[in-house]
Amino acid sequence: MENTVSRRQMMLGGLGLAAITLAGCTTTTQPPRVAAPEPPAIAPEYLSMYAAMPFERFPVPAADLGKIDPRYYRQEVDNPTGEPAGRVVVDTPNRFLYWTMPGGRAMRYGVGIGRDGFAWGGRARIAYKREWPRWTPPAEMIERQPELEVYRHGMEPGIGNPLGARALYIHDTGGDTLYRLHGTTEEWSIGRAVSSGCVRLLSQDVIDLYNRVPDGTPILVKQ
């Protein structure tokens, strides 16, 4: 009887030791919890600058600035372009557009630019501007993307229109270049090469630029 009890106690003791050992392994192998880093705070002036615009013909939503590198936020800077006041300059490699101002200053905007193979560069002029324009894809674009056939005669304006809230039309000595400065609500595209040659700005930025630039303004697109 004593032997039976001893064996039973030894077995229970062994099981208890094993349980303790396993429990110890379980607790010691849990990885430490690391708190996710807080996103950087966005300055109030930028939140105001890119706030919703509910009184537009088609209400413009606030821009999600968390999707954009802060260097592409609109800001006034020293004019680095070498161009006199009253010019639009697109710095394609650095994804900036400048509106040159008196006193050696410029308003700088972040832009998305054309993919390789669709880029355009040179000197031209802003022939005219349109609020909430219709978009008509060029014939060669329809050939590449047959699903655009339904828009051969134009797409109605609106938030979903590829030209967005404003468009500025670039002409050179040969006439319409088919390239535009235009708006977008796709924040992720600012600072990238994504479009079919056109230069895109956030809706709030293209509206600001539209209000500054008169018809006939010279434009330089640097490649």
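Read the figures in this text as sums done on the coordinates, not as results from a lab. Given the structure is predicted, the values throughout are model-derived calculations rather than measurements. All Cβ positions, glycine included, derive from the backbone under ideal geometry; neighbour counts span all protein chains shown.
Model label sites at Ala85 and Glu149, defined 7 Å from Cα along the beta-carbon direction, differ in position by 5.3 nm. Counting Cα-Cα pairs of region 50-222 in 5 Å increments starting at 0 gives whole-percent bin shares of 2, 9, 17, 22, 22, 16, 9, 3, 1, 0. With 0.36 nm allotted per residue and the present C-alpha distance subtracted, the Asp215-Phe58 stretch has 54.2 nm of extension available. Inter-part distance, region 38-81 to region 148-172, computed on C-alpha centroids, equals 23 Å.
Note on Lys67 and Glu156: the model spin-label points, each 7 Å out from Cα along the C-beta direction, lie 2.4 nm apart. When peptides 168-175, 89-96 are sorted by average Cβ neighbour count within 10 Å, with the highest value leading, the order is 89-96, 168-175. Rounded to the nearest 0.05, the FRET efficiency derived from the C-beta distance between Tyr128 and Leu47 at R0 = 35 Å is 0.60.
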